[in-house]
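Undergrad: Below you'll find the structure I mean.
Coordinate-derived values only; no laboratory data. This structure is a prediction, so every number in the text was calculated from the model and none was measured. Using ideal geometry, Cβ is built from the backbone for each residue, glycine included, and neighbour counts are taken over all protein chains shown.
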Amino acid sequence: MSHDQRESVCHKLSRELRHFKWREIFTWKLLKTLAMGQGLSALICGTAVTSQYLATEFHLDVPMLQSCINYTLLCLTYTTALCFRKGNKNILQILKTKWWKYVLLGLADVEANYAVVKAYQYTTLTSIQLLDCFILPVLLVLSRVFLKSRYRIIHYVAVCVCLAGVGAMVGADLVSGRDQGSSSNILLGDGLVIISATLYAVSNLCQEYIVKNESRVEFLGMVGFFGTLISGIQLGILEHVQVANIQWTWQIALLLCGFAVCMYTLYSCMPVVISMSSATAVNLSLLTADLFSLFCGLFLFQYTFSGLYVVSLMVIMVGFIMFNAVPTPNQTPEPVCEDGGHDNQAAEIDDERQVGSEVENQEKGQTDSSGKSLPAENGHGCVLSSVKL
């Protein structure tokens, strides 16, 4: 990067900082998003702890069985809810028009879960923690291309700050000697982590679009339906021997139930948080999940504590707040008809400005023959409005 380019970047960053309304950063919405994001991290911690107990204490390694239980619960609740809907929101109408899209979405979600669990057999925990962050640049690119999200310099800086926090966490793992996992085939394991991160990014991007434009129930119902089919088939092919050989005890049943409850709650609540912010912001918040697991491991698995863990947590929190302090509106926000549809929540401010400008122009010169102001309309005849999701 040349000297002029560096000065241009520094100038843009300083301009962003000067335009910050620092007193308005810590709004109720930001604090609520932060708290809910950390709640999601706690749920991921619950799935990690229960899975580790199953693997270490009972030597049970059945990731597809665990995923299948989660998708089945989603199917029983949200897919059933879709069956009782009427009109175009009914499951039959959705399957007629968009079944192949949800097949691909379900496949991406199932294989993302399976690939990251499988990676632990081939590579180390340090590699997984680092490469799993690949989801962030992929999400930034996909959101910019498909959702037309308009990121600013401060957003990229915030992502880098969060990644620095992950680096501090990995450094603490190395200092405390917690480099667990295998190194039998590091190249294959790292490749599986990258594939998993990419598939997670695709799934989260689709989730953000569906939640903000269709409904949370439709996303969860379709993922539950096709996820159950795909994971059930994969379970029968890959893990039928392991499942048949399980020596069932109440401890195993309780741990599987705990995992299922945490995962089901995670899937049910994550669309709510995404609708309040974005898929990228939620994944930044989820970077603390590994830290929560580490703090639990201090008491449950006798992990060694390091002060870098606290530093990592604080750095990730700072990056998350920086990212959410500045909105990321769509580049070309689409207006919404009053009788249906949803606008992107991040474009709400731009919509309000556009509506205000339209109304002001009409008050100045655009009137009908009776002297009444005409409503501002877009090319499709829909009244421009700001819709809160």
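Undergrad: At q = 0.12, 0.16, 0.22 Å⁻¹, work out log10 I(q)/I(0) for the range 66-153 with the Debye formula, treating every Cα as an identical point scatterer and leaving solvent out; two decimals please.
TA: The computed values of log10 I(q)/I(0) come out as -0.62, -0.94, -1.11.
Undergrad: Another question about this same structure. Per 5 Å bin, what percent of the C-alpha pairs of the range 155-306 does each bin hold, from zero upward?
TA: 2, 7, 10, 15, 18, 18, 16, 10, 4, 1, 0
Undergrad: Next question. Can you put L284, L187, L73, L238 in order of Cβ neighbours within 10 angstrom, beginning with the fewest?
TA: L187, L238, L73, L284
Undergrad: Rounded to two decimals, what ratio of Rg to Rh does the range 202-249 give with C-alpha atoms and a Kirkwood Rh?
TA: Expressed as Rg/Rh, it is 1.22.
Undergrad: At 0.36 nm per residue, minus the direct Cα-Cα distance, what do E214 and H59 gain on full extension? Give it in nm, one decimal, please.
TA: 51.6 nm
Undergrad: Please express the shape of the range 126-238 as an equivalent ellipsoid: the semi-axes are the square roots of 5 times the eigenvalues of the C-alpha gyration tensor, given largest first in whole angstrom.
TA: Result for the range 126-238: semi-axes of 28, 24, 11 Å.
Undergrad: Here's something else I'd like to know. Can you list the chymotrypsin sites (Phe, Trp or Tyr not before Pro) in the range 169-267 that are in a DSSP coil and have 13 or fewer other beta carbons within 10 angstrom?
TA: W248
Undergrad: Rg to Rh ratio, the range 24-325, alpha-carbon atoms and Kirkwood radius?
TA: 0.96
Undergrad: Shifting gears a bit: Kirkwood hydrodynamic radius (Cα pairs, Å) of the range 226-313?
TA: The Cα-based Kirkwood calculation yields 16.5 Å.
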